[in-house]
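Enquirer: Take a look at the following structure, please.
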Amino acid sequence: DYRLHSDRFFFATHPGVPSEIFPEGCGFILSDGYGAEILRNAPEHRLAAATRKALMLRIARTGAARLLAAELA
């Protein structure tokens, strides 16, 4: 379901997790304590304009509500 809300979707993990458990249709990032490397780039699935606008408004409203709550606390 997350891929429906992003242009590109990546999974990230550390070397102790087998990479075979992650789907091929998503990007893959391998990281350790010192850095990370993209091993498989994610295909691009552009969001519809209406979906992008709705997500951005939701993020903006959530951020504004958190700032207001922090200011009143």
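The values are calculated or read from the model by the stated rules, or taken from the named source; none is laboratory data. All values reported here derive from a predicted model rather than from experimental measurement. Positions of Cβ are generated from backbone atoms using ideal geometry, with glycine treated the same way; all protein chains shown enter the neighbour counts.
Enquirer: Only one of (1) modelled with pLDDT of 95 or more; (2) in contact with a Phe, Trp or Tyr (Cβ under 7 Å, 6 or more places away or on another chain) fails for Gly63. Which number is that?
Expert: Unmet for Gly63, out of (1) modelled with pLDDT of 95 or more; (2) in contact with a Phe, Trp or Tyr (Cβ under 7 Å, 6 or more places away or on another chain): (2).
Enquirer: May I ask you to list the residues in the stretch 1-46 that are assigned to a helix (DSSP H, G or I), of a type in the set (D, E, K, R) and surrounded by 10 or more Cβ atoms within 10 Å (Cβ to Cβ)?
Expert: Residue satisfying the conditions is Arg3 alone.
Enquirer: What number of residues in the stretch 1-41 are under 21 Å from Leu55 (Cβ atoms) and of a type outside the set (Gly, Ala, Ser)?
Expert: 11
Enquirer: Just one of Phe28, Phe22 is on the phi < 0 side of the Ramachandran plot, aromatic (Phe, Trp, Tyr) and touching a Ser or Thr at 6+ places or on another chain (Cβ under 7 Å); which is it?
Expert: Unique residue meeting the criteria: Phe28.
Enquirer: Any idea how many residues of the stretch 1-21 are over 15 Å from the mean Cα position of the chain (by Cα) and aromatic (Phe, Trp, Tyr)?
Expert: Residues meeting the conditions: 0.
Enquirer: For the stretch 47-73, enumerate the residues that are surrounded by 10 or more Cβ atoms within 10 Å (Cβ to Cβ) and part of a loop (DSSP other than H, G, I, E, B).
Expert: Hit for the stretch 47-73 is Leu47, nothing else.
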